[in-house]
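Down below is the structure, laid out as structure tokens.
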Amino acid sequence: MYLENVVVDAQDPQRLGRFWEALLGTTTLTDDPGNYETRLVVPDGPSLDLCFERVSEPAQPNPRLHLEVYGGAADDQARVVERALALGASHLDIGQRDVPWVVLADPEGNPFCVMEDRAEYAVSGPLSSLPLDSGDVDRDVRFWSELSGWVPTDSAMPGALRHPSGRGPLLELCPEPRPKPTDAKNRVHLDLRLEAGDDEDEAVARINDLGGYEYDPGWGVLPWRLFKDPSGNEVCLLPAPSSEAASGGA
């Protein structure tokens, strides 16, 4: 299986998807009122689909997974910030004080960061990193590495993974400031997809062995299966492309 999608809940998927597409320079895959999908391709590295799915709930503070955009050296970072603001972002104060990155909110209020120049971002592409809250960094590095195929690498965070090509955004495991409430859903989550020939039952058993677990939010029959990682972060398991019953993120 492999990491395929970054899925973002959105009250207006087209508006939010077009914002992120313009900011990151990605390519439209699906443009529907309830579902906007755009593809990030890192040369000689991975491709990731950003999927914006309609929900009624507004954004909440303190997301457990958010997007970080590569800014670069000071002048380049300032230009990225200016472009984001022109596209509909706004400055956001989350108590960050004097830090080298710039905290913004996208048009629906989701926090994101425009990062400064760091050596580990040189091969990331426009999306520098995906920080994910973790209750046990070593445990969750193993969970995500074994399931996605991404490999441990160095970063400023205590745990980080990157596509085996050595390119593309970092998936950073960050010590959580507080445990995830059991009744709250992350507004941003990741999707794994089975490859042709993968055995679904074996994949599910591996998720369980690594500390994840399946859950049922009462949404009825879906063409994918819903899980949480060991820290309670949602992750969906999509069918292999040859048996796919529906396209798009979960």
Is one or more of the residues making up region 56-71 basic (Lys, Arg), in contact with a Lys or Arg (Cβ under 9 Å, 6 or more places away or on another chain) and within 29 Å of residue 230 (Cα to Cα)? yes
Please go through (1) at pLDDT below 95; (2) out of contact with any Gly (no Cβ under 9 Å at 6 or more places or on another chain); (3) not aromatic (Phe, Trp, Tyr) for residue 58 and return the number of the only condition it doesn't satisfy. (2)
Single residue of region 56-84 satisfying the filter (of a type outside the set (S, T, N, Q) and surrounded by fewer than 14 Cβ atoms within 10 Å (Cβ to Cβ)) that is farthest from residue 96 (Cα to Cα): 57
For region 12-35, which positions are out of contact with any helix residue (DSSP H, G or I) (no Cβ under 7 Å at 6 or more places or on another chain), among the small types (Gly, Ala, Ser) and in a helix (DSSP H, G or I)? 17
Do you know which of the residues in region 191-204 that are charged (D, E, K, R) and assigned to a helix (DSSP H, G or I) is surrounded by the most Cβ atoms within 10 Å (Cβ to Cβ)? 200
If the Cβ limit is 6 Å and pairs must be 6+ apart or interchain, which residue in region 216-227 that is at pLDDT 95 or above and among the hydrophobic types (A, V, I, L, M, F, W, C) pairs with which residue that is outside any loop (DSSP other than H, G, I, E, B) and surrounded by fewer than 13 Cβ atoms within 10 Å (Cβ to Cβ)? 227/214
With a cut-off of at least 1 residues that are farther than 30 Å from residue 206 by Cα and either free of Cβ contacts under 8 Å to residues at least 24 places away in the same chain or in contact with a helix residue (DSSP H, G or I) (Cβ under 8 Å, 6 or more places away or on another chain) (or both), name the strands (runs of 3 or more DSSP E) lying wholly within region 89-182. 102-105, 111-116
For region 205-242, give me each residue that is in a loop (DSSP other than H, G, I, E, B) and of a type in the set (Val, Ile, Thr). 221
Can you name every residue in region 151-190 that is out of contact with any Pro (no Cβ under 9 Å at 6 or more places or on another chain) and either buried (at least 23 other Cβ atoms within 10 Å of the Cβ) or under 19 Å from residue 115 (Cα atoms) (or both)? 153, 154, 155, 156, 189, 190
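The values are calculated or read from the model by the stated rules, or taken from the named source; none is laboratory data. Being a predicted model, the structure only gives us computed values, none of them experimental. Using ideal geometry, Cβ is built from the backbone for each residue, glycine included, and neighbour counts are taken over all protein chains shown.
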